[in-house]
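Undergrad: What follows is a structure written as structure tokens; I'll ask about it next.
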Amino acid sequence: MLVLIQRVSEASVRVEGAVIGQIGSGLLALVGMEPGDSEAQIARMADRLLGYRVFGDEAGKMNRSLRDTGGGLLLVSQFTLAADTSSGMRPGFSNAAPPAEAERGFNRLVDICRQKHAPGVETGQFGAHMVVSLVNDGPVTFLLRP
């Protein structure tokens, strides 16, 4: 599993022109599931998403997490993160989990995050063509692995 997080002042996801997920200040997390991602890895990633310190404290240092700020979390499935781009001019997707496995893992990540983050967790729509809009705050972007 890999998750690309971006600190945002706002972010949203549209499917067929309708907004289906939207947050203000918080994290946009693009989630790529890989074959064999375990329950332990998914739980660890949820903890990292909620606890990763990317928000400024009083001194402007990145010492605060979503748990600390109460910010929003927008989770968006993105199988292309797991692409093999090591050769040729076209990505390969053998490193991405098959759709049914990826959907189960993504939904489990969403469930855990919702249980642990009362301020709010929004999502895109698994398998849909999504239009993601964001205002990256910083910019601040990190690639996380469990």
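The values are calculated or read from the model by the stated rules, or taken from the named source; none is laboratory data. These numbers come from a predicted model, not from an experiment. Accessible surface areas use protein heavy atoms only, side chains included; no ligands, DNA or RNA. Shrake-Rupley method; radii C 1.70, N 1.55, O 1.52, S 1.80 Å.
Undergrad: Measure nothing but the geometry: give the 0 to 90° angle between the long axis through the Cα atoms of 99-116 and the longest principal axis through the Cα atoms of the chain, rounded to 10°.
TA: Result, in degrees: 10.
Undergrad: As a test, work out the antiparallel percent of DSSP beta bridges whose residues both lie in the chain, rounded to the nearest 5.
TA: 75 percent
Undergrad: How far is helix 39-51 tilted off the main Cα axis of the chain, in degrees rounded to 10, range 0 to 90?
TA: 30 degrees
Undergrad: How many times 2.2 N^0.38 Å is the alpha carbon radius of gyration of region 29-138?
TA: Taking the Cα Rg and dividing by 2.2 N^0.38 Å, one obtains 1.17.
Undergrad: Over the chain, with the other protein chains present, what is the accessible area per residue in square angstrom, probe 1.4 angstrom?
TA: Normalised by residue count, the accessible surface of the chain is 52 Å².
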